[in-house]
Every structure is written in C-alpha cells, then in structure tokens.
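**Q** First the structure, which I've put down as structure tokens, then a few questions once you've had a look.
The values are calculated or read from the model by the stated rules, or taken from the named source; none is laboratory data. None of the values given here were measured: they were computed from a predicted structure. Cβ coordinates were reconstructed from backbone atoms using ideal geometry, including for glycine residues, and neighbour counts include every protein chain displayed. Ligands, DNA and RNA are excluded from the accessible area calculation, which covers all protein heavy atoms including side chains. Shrake-Rupley method; radii C 1.70, N 1.55, O 1.52, S 1.80 Å.
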Amino acid sequence: ACSSLAGAGGAPTSDMRLPTIQGVIERRVLVNYRVDVGVLQRLVPAPFRVKTVAGFGVAGVCLIRLAQMRPRFWPAALGFGSENAAHRIAVEWDTADGVREGVFVPRRDTSSVLNVLLGGRLFPGQHHRARFQVHETPERLSIAMRSKDGQTWVDVEAVLAQQLPESSVFGSIEAASAFFERGSIGYSGTDREGCFECLELKSFAWKVEPLTVARIESSFFADLQRFPAGTVTFDSAFLMRTIPHEWRARDALAV
C-alpha cells in the first residue's frame, strides 16, 4: 500500500512484504549523462523534480552484478546472483522532514527470472527479462544488455582511469562519489497511478573508481523523441566492486 507523502523516505515499513535482503555487489558500473533540465523533467513524475549539478540534470544506467542474495541472516550458500540494469534519474522531493534526494527509476532489466516474477509483487519495482554478455578483467570491462521485449539495450566498453573527464559536471571524484552515495533511495512507478514503490541500497564499503569509456551506446538515451538532439551528452562513468550491502524496502509514496 502507498503511504502519504509525509512518510516518504521514512523508516522501513511493515507494509512492505520484502524482508531485508543482503548480499555482495560483485560489480557496479554507473554510466552517467548530463541532460537539459527541462527535457529531463518531462520524464519525472510529480512530486519528484530533477536534481541539478552545474546547471544540468544527471541521468544514467546502473549495470550491477549481485551475488549471494538472500534474506538477512541466511547463509551465503543459499543466496543467488543476477545481472541487472536500472535506468536512473537523480531527483529530489519535499517531505515533512525537508528535502530528500535519491533516484527515480523508469526502467529495470534483469537476467533473473525470479526478479521478473517477484518484482512489483514481493519487492518494489517491475523488472523486465534481459540477456547480458559480460567480459571483464581487473582493468577492463565490456557489458552488453538486450531486453527480451526488444525495448532496451545498452553497450559499454571501459577501462579503469585515474581521473574524471575534463568535461564532467562533477568537480572531483570525491564530489561524484558523495553525489551517488546520497542517491541510495530509488522510487519506481507502479500500475497504481500516483503510487511509487521504494527500495533503498545500503552499502557497507562505499568506494568508486573512475572509468574511461571507449564506447557507450544506449537505446534509452539515443531516443530523439525522448532526448532531442543536443539535450543529452555522456558525462562520466564509475566502477564499484566487492561491496557488501543490503536492500531495504521503504515506505511507498502516494500523491
């Protein structure tokens, strides 16, 4: 059930059916674009508004491989793994306790049949089935994702770097790291108008490393109906590896 707006961002709610899930982020790639604020706001439903950095909105794709996923206190041997992709838009919104920030997630894709079956039912967020091809070494990675419904695809090739692109809206790696760490709360739309389900990522060893991207192609960000020419530009990419974490359901938001 959806709670009131005043409850958004509150403590984990007993209304949600999802127990706290723990596991390890084996690899997380954050591919980021800087976007015209007015264009991006059209993709964000009320009550969310685009969070800006240096006059731009920030959106992107999170490509994450999860391992040892299981309810808290279960042994790791009972856990499962999956490849996942989430398209994200950095947002903020008003609550009774002040302005909060996180991400709005318009699309989730996964290699896991279980995630597809249970997403939007046992845990927040509808998931679409997708195929992932991943090749990686300690210094280099290549990830290709194709959704089974043919609606979404992503291709990225990157190598570890020492610094950000000079054109990035983030002034430093530290600033970028803090920005994404504050975006740990993610809201997704549901089949109930004005109701947004929420999932929080709690990481216990936060560390990001910059990537130099040799190639990035995304059906979502290449869509000229969604992003007219000149309104979206690749900005930066980051890598996280071997991060113990938990997923926690939080209050849904109703407007």
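**Q** Taking into account only those residues within region 50-72 that are open to solvent by 70 Å² or more (accessible area, probe 1.4 Å) and touching a residue at least 60 places away in the same chain (Cβ under 8 Å), which is nearest to His127 (Cα to Cα)?
**A** Among them, the one singled out is Arg72.
**Q** Taking region 158-176, which residues are among the hydroxyl-bearing types (Ser, Thr, Tyr) and either under 17 Å from Ala86 (Cβ atoms) or open to solvent by 20 Å² or more (accessible area, probe 1.4 Å) (or both)?
**A** Those that are among the hydroxyl-bearing types (Ser, Thr, Tyr) and either under 17 Å from Ala86 (Cβ atoms) or open to solvent by 20 Å² or more (accessible area, probe 1.4 Å) (or both): Ser167, Ser172.
**Q** Another question, then. Restricting to region 207-255, name every residue that is touching a strand residue (DSSP E or B) at 6+ places or on another chain (Cβ under 8 Å), acidic (Asp, Glu) and over 23 Å from Arg28 (Cβ atoms).
**A** Passing the criteria: only Asp251.
**Q** Now for a separate question. Kindly indicate the residue of region 178-201 that is part of a helix (DSSP H, G or I) and free of Cβ contacts under 8 Å to residues at least 60 places away in the same chain and also least open to solvent (accessible area, probe 1.4 Å) among those meeting that condition.
**A** Ala178
**Q** Still on this structure, I have one more. For residues that are outside any loop (DSSP other than H, G, I, E, B) and either without any contact (Cβ under 8 Å) to a residue 24 or more places away in the chain or farther than 18 Å from Phe234 by Cα (or both), tally how many sit in region 146-157.
**A** Of the residues in that region, 2 qualify.
**Q** Mind checking which pairs have a first residue in region 164-177 that is in a loop (DSSP other than H, G, I, E, B) and a second that is at pLDDT below 95, Cβ under 9 Å, 6 or more apart or different chains?
**A** Within 9 Å, the pairs are Leu164/Gly171.
**Q** Turning to a different aspect of this structure: Within region 138-157, which residues are closer than 21 Å to Ala85 by Cβ and open to solvent by 40 Å² or more (accessible area, probe 1.4 Å)?
**A** Arg140, Arg146, Lys148, Asp149, Gly150, Gln151, Trp153, Glu157
**Q** Could we say that Phe204 is touching a residue at least 40 places away in the same chain (Cβ under 8 Å), within 22 Å of Leu66 (Cβ to Cβ) and loosely packed, with under 15 Cβ neighbours inside 10 Å here?
**A** In short, yes.
**Q** Let me ask something else about it. Specify the residue that is farthest from Asp155 (Cα to Cα); the eligible residues are those in region 73-86 that are under 22 Å from the mean Cα position of the chain (by Cα) and surrounded by fewer than 23 Cβ atoms within 10 Å (Cβ to Cβ).
**A** Within region 73-86, the match that is farthest from Asp155 (Cα to Cα) is Gly79.
**Q** Tell me which residues, restricted to region 219-241, are open to solvent by 10 Å² or more (accessible area, probe 1.4 Å) and part of a strand (DSSP E or B).
**A** Within region 219-241, Val232, Thr233, Phe234, Arg241 qualify.
**Q** Filter region 207-218 down to residues that are hydrophobic (A, V, I, L, M, F, W, C) and closer than 18 Å to Ser172 by Cα and give me whichever is surrounded by the fewest Cβ atoms within 10 Å (Cβ to Cβ). Steps first, answer last, please.
**A** As a first pass, look at region 207-218 and keep what is hydrophobic (A, V, I, L, M, F, W, C): 208, 211, 213-214, 216.
Checking which are closer than 18 Å to Ser172 by Cα leaves us with 208, 211, 213.
On the way: Val208: 21, Leu211: 23, Val213: 19.
That would be Val213.
**Q** Being within 15 Å of the chain's Cα centre (by Cα) and either over 20 Å from Val50 (Cβ atoms) or hydroxyl-bearing (Ser, Thr, Tyr) (or both), is that true of even one residue in region 167-185?
**A** Yes.
**Q** While we're here: Select, from Arg65, Arg129, Arg88, Arg121, the only residue that is modelled with pLDDT under 95 and in a strand (DSSP E or B).
**A** Arg129
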